[in-house]
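Contents: one structure, followed by commentary.
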Amino acid sequence: YYKYGTVQLAVTKSGGKITSIDVVVGTTRGREYAGVIAELVPAAVSANGTGFGNYSGATFTTEAFKSALESALAKF
């Protein structure tokens, strides 16, 4: 949970690399931010983790996504 909603992710890894990230729950503040989480998924897959920049104007959502991703990756 974060200031503007909830982010919950399911991560699949193969050979030590993230192969897919499914957004189980991804709520944000208002419609203008609705697509932010979907845009963060390919960035995280490409970076193989949280080593990517913040989405401009959606810092809280980006940080919540990264936190959820770190939590999911810690289970591997």
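Values in this text are rule-based calculations from the coordinates and carry no lab data. Worth saying up front: this structure is predicted, and the values here are computed from it rather than measured. Because the Cβ atoms are built from the backbone with ideal geometry, glycine has one as well, and the counts that use them run over all protein chains shown.
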With charges set only on the Cβ (+1 for Lys and Arg, -1 for Asp and Glu), what does the dipole of the chain come to about its Cα centre, in debye to the nearest 20? 100
Excluding exposed DSSP-loop trypsin sites (Lys or Arg not before Pro) (at most 15 other C-beta within 10 Å), longest clean stretch of the chain: 30-74
Helix-only mean residue ellipticity at 222 nm, the chain, DSSP H runs n ≥ 4 weighted -39,500 (n - 2.57), per residue, nearest 500. What is it? -11500 deg cm²/dmol
Angle in degrees between helix 36-47 and the longest Cα principal axis of the chain, rounded to the nearest 10: 30
Cα lying deepest toward the dipole's positive end in the chain, options S56, A74, Q8, charges on Cβ: A74
Figure the gain on full extension for K17 and A38 (residue separation times 0.36 nm, minus the Cα-Cα span) and round it to one decimal in nm. 5.6 nm
For S67, placing the label point 7 angstrom along Cα-to-beta-carbon and taking the range 14-34, residues whose amide nitrogen sits under 15 Å are 26-29
The chain: relative contact order as a whole-number percent, Cα under 8 Å and 6+ apart: 34
